[in-house]
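Below is one structure; the comments refer to it alone.
Laboratory data are not the source of any read-out in this text; all were calculated from the coordinates shown. Because the structure is predicted, anything quoted here is derived from the model rather than measured. Methodologically, a virtual Cβ is constructed for each residue, glycine included, from the backbone with ideal geometry; neighbour enumeration extends over all protein chains shown.
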Amino acid sequence: MLDFTLSESQSKLRERARQFAITEALPAAWRYDEKDEIPLEILDRAFDAGIMNTDIPKKYGGLGYGLIEGALLTEEIAAACPGLATSIFDNSLGFEPLVLSDKEALKEKYLPRIARDNRRICFATSEPLMGSDVAGIMCRATKDGDGYVLNGTKYWITNGGVADYMTIFATVDPEKKHAGICAFIVEKEWDGVRTGLPIPKLGQRTSNTVGINLKNVRVPGENVLAEPGEGFVLAMRTFARTRPIIGAFAVGAARSAMEYALDYSKRRRAFGGKLSAYQATQFKLAEMYQKVETMRLLVWKAAWEADKGLDPTISASIAKFYATEAAVQVINDALQIFGGYGYTRMYPIEKLLRDTRLLPIYEGTSEVQRIIVAGYLLGSYTSIMPPLDEVPILIGGGDVLEEGKAGSKTAWRCPLCGYVHYGDEAPEECPYCFVGGRGFKKVWPK
Ligand SMILES: Cc1cc2nc3c(=O)[nH]c(=O)nc-3n(C[C@H](O)[C@H](O)[C@H](O)COP(=O)(O)OP(=O)(O)OC[C@H]3O[C@@H](n4cnc5c(N)ncnc54)[C@H](O)[C@@H]3O)c2cc1C
């Protein structure tokens, strides 16, 4: 049964996030963007307002919400500032592998601290020489007693400079690729952990992105999150749950740009009329709205699958690459409606464009999502229609396929151009593409 109605608690949650977005996030967004600094005070207030870490199970002191709720919240925060949304929801990316793991003692140790004590946790697969190809991790994990020693550098790590804990993916042997990947919960204060300067970025300047250097960092056995061979799958299962949320960032940012463009088009006059009176503007607005609605449906579907306990991998990839690319298009169109003013820093569009341009890149680029979806299509998708050479094509055959009718004949299909020949025997050769008749396949009667 399909139902898009939000429950009362979901509506309340969305309202709370909306209020937070308008009263807390929006006024701070440009100030921190200009400073190129993460607004930690706003993160703390998001924690207090109960719109952070929402998917930590109740058992560990969390709110126990699902991904649908995560998507609702994220859309609202991203509508005010996509960079801040990244900063807030990166915690969920950081602890998601822990929630998904079967390491009960680790969960009991860290999840309550995150849920109750406002501790931050980041997620690190990427490295200076590797991002898309997660199996290509080079950060080394060397067995040491019951634990491991880590050496290497992780790069592009959101919240890395402000996190208390780090979910670090490493390998026991780079040659082993997927089979060597393992994961650990590392504490920032441990010996050998260093974080680099914040990386200067085009957008999302209200999020903190750094490199993390690990030099002979000893991880005790109890902090092993995934043994060698289990880490890659854990990272992929994590992404399947976090990619819909990146899609929700896109929905929020695009929705804002559309609303700002709508407003502007009703104020600005050109050639004697308001921009909104011209069909060229109206069509742009209509397409922007169409995209926002489509993005949200895909995001909700992927989130719904995750909440139902289904594997959301494919829907998550589709939602991510559709929504994030569509958002860039919507915001670009909004900028066009604003004309020259859209290109200035006095209106909100340029920041939305800068912030949103990251979305088709992190947590798996658009190309990676296409690789995943294409792999599914070519590998395990089950077609509903019959194979091509079993499709009854009537061209030139008229009623001959109706059994029992006078003139009913055998039908033969050319394996190359698809021509259907009617007669007791296959033709000597295809009259269209000249393939020999021996290749013709009898397609009727079956
Ligand atoms: C601001 C920011 C925040 C980030 N936060 C985090 C974080 O918190 N944690 C973390 O681990 N990582 C993080 N990342 C890293 C991010 O996930 C990677 O940048 C991303 O996965 C792409 O990796 P890459 O930059 O190394 O690009 P590469 O993997 O080098 O790819 C470069 C280009 O080649 C394309 N490409 C690669 N392989 C193929 C292929 N087989 N076929 C077709 N095209 C291909 C890619 O799609 C891309 O367009 C962040 C990045 C940024 C910029």
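Computed values, structure above
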| quantity | calculated |
| --- | --- |
| Full-extension gain in nm, TYR381 to MET346, via 0.36 nm per residue minus C-alpha separation | 7.8 nm |
| Net dipole in debye of the stretch 8-120 [+1 Lys, Arg Cβ; -1 Asp, Glu Cβ; about Cα centre; nearest 20] | 420 |
| Using a Förster distance of 60 Å, the FRET efficiency for SER11-GLU175 (Cβ separation, nearest 0.05) | 0.70 |
| Cβ-placed point charges (K, R +1; D, E -1), dipole of the chain about Cα centre in debye, nearest 20 | 1020 |
| Relative exposure of VAL149, VAL210, judged by other C-beta atoms within 10 Å (fewest first) | VAL149, VAL210 |
| Among THR294, ILE181, ALA280 - extreme Cα towards positive end, dipole of the chain, charges at beta-carbon | ALA280 |
| Extension gain (nm, one decimal) between ARG116 and ASP311, 0.36 nm per residue minus Cα-Cα | 67.3 nm |
| Euclidean distance between Cα centres, the stretch 8-29 to the stretch 160-204, Å | 31 |
| The stretch 114-154 versus the stretch 43-65: alpha-carbon centroid distance in Å | 24 |
| At 0.692 mPa s and 37 °C, Stokes diffusion of the stretch 122-231 via Kirkwood alpha-carbon radius, µm² per second | 239 |
| Greater than 30 Å apart at Cα, pairs in LYS103/LYS291; LYS284/LYS308; LYS143/LYS301; LYS201/LYS320 | LYS103/LYS291; LYS284/LYS308; LYS143/LYS301 |
| Estimated 222 nm signal from helices in the chain, with DSSP H stretches of n ≥ 4 weighted -39500 (n - 2.57), rounded to 500 | -14500 deg cm²/dmol |
| Relative contact order (%) - the chain, alpha-carbon pairs under 8 angstrom, separation at least six | 13 |
| Under 5 Å, built H, 5+ apart or other chain: amide partners of GLU127 | TYR155 |
| Long-range amide H partners of VAL443 with built H, under 5 Å | ALA411, TRP412, ARG413 |
| Under the span-like rule (Cα at least 27 Å along the axis, Kyte-Doolittle mean at least 0.0), DSSP H helices of the chain | 231-267, 313-338 |
| Stokes-Einstein D in µm²/s, Kirkwood radius over Cα pairs - the chain at 20 °C with 1.002 mPa s viscosity | 88 |
| Contact order relative to length of the stretch 8-120, as percent, for alpha carbon pairs under 8 angstrom and 6 or more apart | 31 |
| Farthest toward positive dipole pole in the chain [+1 Lys/Arg, -1 Asp/Glu at C-beta], among CYS139, ALA80, LEU335 | LEU335 |
| Ranked GLU127, GLU104, criterion: other C-beta atoms within 10 Å, fewest first | GLU104, GLU127 |
| In the stretch 1-101, the chymotrypsin sites (Phe, Trp or Tyr not before Pro) that fall in loop regions by DSSP, at most 10 other Cβ within 10 Å | PHE4 |
| Charge dipole (the chain, unit charges on Cβ, about Cα centre) - positive-most of ASN208, ALA306, PRO244 | ASN208 |
